[in-house]
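Trainee: Following this message is one structure expressed as structure tokens.
The values are calculated or read from the model by the stated rules, or taken from the named source; none is laboratory data. Fair warning: this is a prediction, and the values are worked out from it, not measured in the lab. Heads up, the Cβs are rebuilt from the backbone with ideal geometry, glycines too, and the neighbour counts pull from every protein chain shown. Areas reflect the complete protein model, heavy atoms only, side chains present, ligands, DNA and RNA absent. Shrake-Rupley method; radii C 1.70, N 1.55, O 1.52, S 1.80 Å.
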Amino acid sequence: MANVMDKLVSLCKRRGFIFQSSEVYGGLNGCWDYGPLGVELLRNIKDTWWKAMTYREDVEGLDASILMHPRVWEASGHVDNFTDPLIDCKNCKARFRDDTLTEAQRSAGQCPVCGNKGVLTEPRAFNLMFKTFVGPVEEDNSRVYLRPETAQGIYVNFLNVQAAMRQKLPFGIAQIGKAFRNEINTKNFLFRTREFEQMEMQFFVKPGTENHWFDYWRQERWQWFSQIGLPEKRLRLREHEKLAHYARAAFDVEYEFPFGWGEIEGLHNRGDFDLGQHEKFSGKALRYFDEESREKILPFVIETSIGASRTTMACLVEAYREEEVEGETRVVMRFHPRIAPLKAAILPLVRRDGMDELARQITTQLRSHFPVFYDEGGAIGRRYRRMDEIGTPYCVTVDSQTLQDQTVTVRERDSMAQDRVPIAQLREEITRRMETWTMPPD
Ligand code: ATP
């Protein structure tokens with residue numbers, strides 16, 4: 001299976017999905033750049049989440065800044081608790097998290113990299129927050145952090161959003177944005193990186209109703225994954241036995257990656273921990289005034305937190321297929337059409353008799369509705385394969401019959417079936433097919 005990851009990483013580079021950050025300088029560990037197709041894929045995933053989470057009456061959107069007042073991270077517990085146990089090898093200088101060692105390695109002090117025994121240091125707490133300074137002087141009281149999660153921007157804006165939008169409990173605030181963690185070991189491509197994007201929603205409820213809302217959001221989130229083409233059979237919900245300092249209940253949604261099950265989303269009942277802490281540290285009340293009971297309430301929070309980058313990786317893994325077609329291997333990315341970077345390719349069979357001009361006209365017409373690609377280079381079969389490899393769900397071919405009867409062939413990526421559609425109905429037909437698309441069997 002490791003082989004699949006190698007092939008995927010190479011396809012992502014070759015076809016413009018994902019590049020190594022600062023590649024010409026040898027790269028920067030744990031950082032990746034989204035190329036022209038990758039950025040479309042990522043945006044489509046984020047848009048699908050944004051629509052599902054905020055196009056409703058009881059959730060508002062927000063975009064808080066990455067740099068925040070440093071006291072935020074004292075209140076949240078990150079300054080004291082957001083640490084991993086770091087171990088060094090005194091021999092080969094390798095570094096790793098204590099929890100990645102086997103029991104045998106730990107008790108023998110054996111380095112998993114160089115294999116020597118008795119060479120490991122005791123674990124020490126390593127804080128994962130990136131630090132920087134505001135203003136020209138690098139001193140302790142100008143130190144700020146790059147946020148390790150987007151959630152805190154939501155908590156400190158809870159009353160601003162509530163008052164501005166005249167919201168009543170229960171309601172939520174959703175945000176998509178970058179987060180930074182100085183992970184000890186980055187690995188598995190986009191799975192564990194130092195800079196990544198999160199999509200988080202914090203739902204504020206009256207104390208006593210949190211179990212109901214926790215169940216509600218667990219179901220909502222579970223059902224959402226089919227919208228981006230991740231099937232239930234490769235997902236599971238796992239309940240945490242050991243809870244973080246802020247949580248009263250926690251579930252992870254895990255996806256079955258080629259290297260094993262991995263968390264893509266976390267769901268937490270955070271109680272009133274966060275708002276309570278910010279009240280304590282800021283000295284400002286963060287209470288909701290309930291008109292009915294005439295009481296000031298410190299709401300409980302249900303959190304849904306999903307990595308946009310990790311989810312993008314799950315979608316890439318899920319889409320990748322190799323198939324035998326007429327004695328050759330066809331590589332096809334079977335993205336859900338909703339997240340596919342390009343929705344259709346327009347291909348003149350040959351570059352003469354006006355086929356190329358007509359194909360260009362069709363391209364222009366369709367482009368105002370969704371992203372499409374015009375390609376006139378090479379044999380038609382090769383052009384189909386190039387589109388399969390980047391997951392374009394439909395190929396539209398202009399041939400000599402088109403010049404006679406104004407119909408084109410539409411070829412489906414998954415079944416490779418072709419049929420003729422009048423140019424006048426092409427947009428509606430592609431839209432209809434995208435909306436009624438179902439996942440082909442494995
Ligand atoms: P892990 O145990 O894998 O480090 P976590 O439990 O610390 O993750 P949360 O703090 O719950 O993760 O963050 C919510 C989501 O953010 C995760 O489900 C994941 O999708 C994403 N995420 C967290 N850390 C990273 C990272 N280093 N790289 C990419 N995505 C991440």
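Trainee: Can you go through G30, G38 and tell me which one is closer than 30 Å to R221 by Cα and in contact with a Cys (Cβ under 9 Å, 6 or more places away or on another chain)?
Mentor: Checking each option against the conditions leaves just G38.
Trainee: Restricted to region 154-180, and to residues that are away from the ligand (no atom under 16 Å from the Cβ) and of a type in the set (K, R), which residue is nearest to D274 (Cα to Cα)?
Mentor: K168
Trainee: Can you confirm whether E183 is in contact (Cβ under 8 Å) with a residue 12 or more places away in the chain and within 10 Å of the ligand (Cβ to nearest atom)?
Mentor: It is true that E183 is in contact (Cβ under 8 Å) with a residue 12 or more places away in the chain and within 10 Å of the ligand (Cβ to nearest atom).
Trainee: Right, next: Let me confirm something: among R238, R221, which residue is open to solvent by 50 Å² or more (accessible area, probe 1.4 Å), in contact with an Asp or Glu (Cβ under 7 Å, 6 or more places away or on another chain) and within 15 Å of the ligand (Cβ to nearest atom)?
Mentor: R238
Trainee: Can you tell me which residue among G266, G276, G283 is buried (at least 18 other Cβ atoms within 10 Å of the Cβ), more than 28 Å from E435 (Cβ to Cβ), small (G, A, S) and modelled with pLDDT of 95 or more? Step through it out loud before you land on a result.
Mentor: Numbers: G276 fails: buried (at least 18 other Cβ atoms within 10 Å of the Cβ); G283 fails: buried (at least 18 other Cβ atoms within 10 Å of the Cβ).
Testing whether each residue is buried (at least 18 other Cβ atoms within 10 Å of the Cβ), more than 28 Å from E435 (Cβ to Cβ), small (G, A, S) and modelled with pLDDT of 95 or more leaves just G266.
Trainee: Is there a residue being among the polar types (S, T, N, Q) and either at pLDDT 95 or above or part of a strand (DSSP E or B) (or both) anywhere in region 94-108? Break it down stepwise before answering.
Mentor: Of all residues in region 94-108, those among the polar types (S, T, N, Q) come to 100, 102, 105, 107.
Going one step further and asking which of them are either at pLDDT 95 or above or part of a strand (DSSP E or B) (or both), we end up with none.
Taking every residue of region 94-108 in turn, none turns out to be among the polar types (S, T, N, Q) and either at pLDDT 95 or above or part of a strand (DSSP E or B) (or both).
Trainee: While we're looking at this one, here's another question. Assess whether V372 counts as being β-branched (V, I, T) and surrounded by 15 or more Cβ atoms within 10 Å (Cβ to Cβ).
Mentor: Yes; evaluated as a whole, the condition is true for this residue.
Trainee: Go through region 1-87 and tell me which strands (runs of 3 or more DSSP E), entirely inside it, have 1 or more residues that are touching a residue at least 40 places away in the same chain (Cβ under 8 Å), open to solvent by less than 50 Å² (accessible area, probe 1.4 Å) and touching a strand residue (DSSP E or B) at 6+ places or on another chain (Cβ under 8 Å).
Mentor: Hits in region 1-87: 18-20, 59-62.
Trainee: Then there is this: Restricting to region 383-442, name every residue that is exposed (fewer than 13 other Cβ atoms within 10 Å of the Cβ), of a type in the set (G, A, S) and closer than 23 Å to R338 by Cβ.
Mentor: S415, A417
Trainee: Could you grab the pairs with beta carbons closer than 6 Å, sequence gap of 6+ or different chains, first residue in region 427-442 and in contact (Cβ under 8 Å) with a residue 40 or more places away in the chain and in the same structural domain as Q227 (by TED's automatic domain parsing), second one part of a helix (DSSP H, G or I) and surrounded by 12 or more Cβ atoms within 10 Å (Cβ to Cβ)?
Mentor: Pairs found: none.
Trainee: A follow-up question, please. Looking at (1) in contact with a Lys or Arg (Cβ under 9 Å, 6 or more places away or on another chain); (2) more than 9 Å from the ligand (Cβ to nearest atom); (3) over 12 Å from I302 (Cβ atoms); (4) not aliphatic (A, V, I, L, M), which is the one condition that is false for F251?
Mentor: (3)
Trainee: Give region 286-319 a look and list any residue that's open to solvent by less than 30 Å² (accessible area, probe 1.4 Å) and more than 16 Å from the ligand (Cβ to nearest atom), or say none. Break it down stepwise before answering.
Mentor: Our first condition is that a residue be open to solvent by less than 30 Å² (accessible area, probe 1.4 Å); within region 286-319, this holds for 286, 288, 290, 297-309, 311-319.
Those that are open to solvent by less than 30 Å² (accessible area, probe 1.4 Å) and more than 16 Å from the ligand (Cβ to nearest atom): L286, Y288, D290, I297, L298, P299, F300, A319.
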